[in-house]
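A short write-up of the structure that comes next.
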Amino acid sequence: MNYVSLPNWLERKYKILWEAFGSRPFRYSEAQKVLSEKAQLPDDQVLVVLSELRKRGKLVVENDPDDKRKKIYQLISPKEYIQQALFPEKDALRQHLTRSDLEKLLKRAADLIRTLVDYHYILLLLFFKRISDKWKDEFERTVEEAIRDGFSPDEAVLEARQAAYHDFDIPEEFLWDNLRKDLEHLPENLSRAFKAIAERNPDLRIIFENVDFLQFTQSYENAEILRQLFELFSSHSLRNVSPDILGDAYEWILRYFAPQKAKEGEVYTPREVIRLMVEMLNPISGESVYDPACGSGGMLILSYKHVAENEGKDAADKLFLYGQEANMKTLALARMNLYIHDIRNANLQHGNTILYPKFKEGNKLKQFDVLLTNPPWNQDGYDEKTVKRGEFVKERFSFGFTTKQSADWLWIQHLLASARQETGRIAVVIDNGALFRSGREKAIRKGVLEADLLEAVLLLPEKLFYNTGAPGAILIFRRNKPEGRRNKVLFINASQEYEPHPDIRKLNRLGDKHIKKIVTTYSEFKEEEGFSRVISIDEIKENDYNLNVTLYVYPIKKEEEIDIPAEWHTIQKVNQELKEVESRINGFLKELGYDV
C-alpha cells in the first residue's frame, strides 16, 4: 500500500475533507455536500474519491451504528499518514480499531463477566489500557523527535521517559504490556500499579485509589475472569482509536448494563433525552455548563460535543464544564468518561449538592450559563431541619422547603440560584408528580411562576428510562426571559413522539425527527394543535398552579380517513363473492338430494 504519494487530484480532495472533518467521523451525505461546495465535484464522483482514499490507506470505513445500510467514514490524519511512511515496521501496532471492532471486543468482555462481576471493572481496564497505550505512543513519538533534533538513541530514550511528555505519569514497569508478562501475579501487580499511578497523578486518585484487586480476586472465579479480561484487552492496541469511537464504546458499556443496574437503583439517562435538553439550551463556546448531579458525565459530554459539532473542537475546548456527584464510584466513572472522550476542560467535585455545593465564588454560590441535570426523582430524607444544616440555605431555597418525601423542588431551586442573571438557562428532568403535588411543593411552584422563571414544560413519552416506565417531564427555566415570552409558559405534549427502542423490547426512545420537532417548537415558542400551547401565568394561576401538561395540551386522536369509493367497491366485491359461494353450496346440496 502506498502511504505517501497521492495523485494531485486526490490529494486536493483529501485536504478539503480534512479541513472540513479532521479526524471526526462523517457520513456520505456530509462528504457530498463539502466536495460539491468546495471542489464543484459531481455527486457521482464522490463515491470514487472515498473509494480511492480507502484503497490508499487514508480513510477508514465502517457500518453506521444507527443504520446498517449506510457507512461511517473517518480520515487518517496527515501526521499519522507520514508516520506510517517513516516507520512502516510499526504499522501493525498502529492499526485502526473500528467502532464495530471495539463493540465486539466489549461484548465479549460483557459476556465474560455476565452478572458475576461489577461492570466498572471493564471500564477501569479499558481506561487503563488506553492511558498505557497512549503513554507508549507518546514515548515513541518523543524518541523519534529527539533523534531528529540530534539526541543519541540512548539520550532520546531517557528524554522520552520524562513526565513532561506524557498526559499521565506512569512508571514503565506498570505499563499494560509489562504487567502482562506476569499474569500469575496480575492482581498484586495491578494493585501496586494503581497505587503508584494514583500517587503520581492526583487527578486519577479517585479512579484508582478505591480498587482492591487482591480482595476482588480472592475467589478463583474472579481471578480467572480478571485474567481473561486482561488477555482480551491485550488483543488490540487503543493508541490510535479516536476519542469519538472510544467514547462511544465507553457509553456502550454504560448503556449495555443500564437495565441491570437500574434494578440496583443506578440511574442512566438515555443519551437521546440528554441530546434533546442540550439542543434546547444550545450552549456556545465561552459559556459555563453545570450538572449538580452529574452521574457518569453524559450531560457535560454531550454539551461539549454539541459545541464541537456546531463551532469546532477549538471552540468546544473553551466551554467550561462543572459537575458534582455524591457517589464516589460514579464520579470516578465520569472522570474516566471525560478523559476517554478527550475532554480536559472539566471540573468535577465529590459531595452532596443539596447540602454542600462545591462550586463557589468567594463566599457566594458560583453562577453558570447553562445548567442541566437529571437528579434523583422523589429523593427522600431532605426535610426542612436537615436542609437548614447545609450551606447557602437562604440564597438557594428562598421559595421554601419541601417535605421529607421528595427533594425535587430543592434541586430546582438550587439550579435557579446557580444560574446567571442575564444568561442562565436550565433544563431539568423531573418526575411528573412534581408538576401538580400540593402542599409545600405547590407553594414553591407558585413562587417560581410568579417570579416568571419557568419558560417551558415538556411531557416526555413513557418507557424512555431504564429504571422506571413513568414518562417524566423536562422543565425549562430562564433567569431573563425574552420579551415575547414573559408571563407565559410553553406546554409541549410529546407523549406520542417516540419509536420502539432498537435493542430493548419493552423500551421506547426519542428519534431524530422527534427531537427536531420538539426543539423547533421550543425555539420558535410556537403552538400546534394537540402538541403545544402557550399559556399565560394567569391561566396557570386559575388552575391552582398545576403544571400537568395534559391539563393544557392533549394529543388529537387521529380519525381514520375512509376512502368511500374504495370501501364501496370492496363491499360490492365481497357481496359478489358471497353470492358465488352461496350458489356453489346450493349446487352441492341439490346433488346430495336436498331441496333448496
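Read-outs: derived from the displayed coordinates by stated rules, not from any lab. Just so you know, these numbers come straight off a predicted model, no measurement behind them. Neighbour counts run over all protein chains shown; Cβ positions are idealised from the backbone, glycine included.
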(request) Work through the residues other than Leu112 whose Cβ is under 14 Å from its Cβ and net out their charges, Lys, Arg +1 and Asp, Glu -1. (result) 0
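Rounded, prolate or oblate: pick one for the range 230-301, where a ≥ b ≥ c are the square roots of the eigenvalues of its C-alpha gyration tensor, a/c under 1.5 means rounded, and failing that, prolate if a/b is larger than b/c, else oblate. Write out the running numbers ahead of the final one.
On the way: a/c = 2.64, a/b = 1.34, b/c = 1.96.
Here the range 230-301 falls in the oblate category.
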(request) Can you tell me the order of 236-248, 8-20 when each peptide is scored by its average per-residue count of other Cβ atoms within 10 angstrom, highest first? (result) 236-248, 8-20
(message) Translational diffusion coefficient of the range 252-551 at 10 °C, 1.306 mPa s, Stokes-Einstein with Kirkwood Rh over Cα pairs, in µm²/s as a whole number.
(response) 82
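Can you list which of the trypsin sites (Lys or Arg not before Pro) found in the range 479-556 are DSSP loop residues with at most 13 other C-beta atoms within 10 Å?
Those that pass, being in a loop and sparsely packed, are Arg486, Arg505, Lys506, Lys526.
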(request) For the pairs Lys55/Lys134; Lys129/Lys329; Lys358/Lys394; Lys329/Lys364; Lys71/Lys136; Lys70/Lys104, note any where the Cα-Cα span goes beyond 22 Å. (result) Lys55/Lys134; Lys329/Lys364; Lys71/Lys136
(request) Could you run the Karplus curve 6.51 cos²θ - 1.76 cosθ + 1.60 with θ = phi - 60° over the range 291-305 and give me ³J(HN,Hα) per residue in whole Hz, x for Gly and Pro? (result) 10, x, 9, 6, x, 8, x, x, 4, 5, 5, 6, 5, 4, 5
(message) So if I take the centroid of the Cα atoms in the range 324-341 and the same for the range 374-395, what is the distance between those two points in Å?
(response) 23
(request) Fewest Cβ neighbours within 10 Å first, please rank Trp411, Trp252 accordingly. (result) Trp252, Trp411
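Starting with the highest mean, order 355-363, 429-437 by the number of other Cβ atoms within 10 Å, averaged over the residues of each peptide.
On the way: 355-363: 13.3, 429-437: 20.1.
Taking the mean over residues of other Cβ atoms within 10 Å, the ranking is 429-437, 355-363.
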(request) Give the label of the value calculated from the structure for Rg and Dmax of the Cα atoms in Å, choosing from (1) 23.1, 71; (2) 35.9, 127; (3) 29.5, 116. (result) (3)
(request) Check the straight Cα-Cα distances from Lys541 and name the lysines below 25 Å, setting aside those fewer than 8 residues away within the same chain. (result) Lys442, Lys446, Lys481, Lys488, Lys526
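May I ask you to order 133-139, 472-478, 224-230 by the average number of other C-beta atoms within 10 Å around their residues, highest value first?
Top of the packing list down: 472-478, 133-139, 224-230.
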